[in-house]
1. Does residue 107 meet the test of being surrounded by 15 or more Cβ atoms within 10 Å (Cβ to Cβ) and at pLDDT below 90?
2. Among residues belonging to the range 134-147 that are part of a strand (DSSP E or B) and surrounded by fewer than 16 Cβ atoms within 10 Å (Cβ to Cβ), point out the one that is modelled with the lowest pLDDT.
3. Residue 20: in a loop (DSSP other than H, G, I, E, B) and either modelled with pLDDT of 80 or more or assigned by TED's automatic domain parsing to the domain that holds residue 132 (or both), yes or no?
């Protein structure tokens, strides 16, 4: 969405719930309760983000909610936006930090890996692997999912593999085990 760099996808309209415009949203990267209900959400129509305000919001499970948006009043209205991404302005999202949110804060960061054998951080040449799209908290084996040029890849997130973390630029450099990419 060129020109709308301040918008971040937080959810997707999954389906209608009933016939009076209520809909089911599936959330990604952010818990439904972290949404600022006083700020608009945006849905893109014809390449332009259109603002909607949340009239009602009921959390369902960890990643879904029943939502009623302004001007969405019928099942037909919901069907028109079903499958569409839902965005918010980035500055309305809560800040995530590694200290408070753990590895889930890495979602949206860019993963890099060293090229060649040099392990010294001063002269290390790196290549971009992709964006971290999910954190999977498998007991004793936490993993990150990375959107690479060849598709999604799950990579173990072990402290011995992490070479550097840069919170300011939201970048992480990891030694990725052979055969994973």
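1. Yes.
2. Initially, the range 134-147 is screened for residues part of a strand (DSSP E or B), giving 134-136, 143-147.
Filter once more, keeping what is surrounded by fewer than 16 Cβ atoms within 10 Å (Cβ to Cβ): 136, 147.
Details: 136: 84, 147: 91.
Across the range 134-147, the extreme among qualifying residues is 136.
3. For residue 20, the condition - in a loop (DSSP other than H, G, I, E, B) and either modelled with pLDDT of 80 or more or assigned by TED's automatic domain parsing to the domain that holds residue 132 (or both) - is met.
The values are calculated or read from the model by the stated rules, or taken from the named source; none is laboratory data. What you see is a predicted model; the values in this text were computed from it and never measured. Cβ: placed from backbone, ideal geometry, glycine included. Neighbour counts: every protein chain shown.
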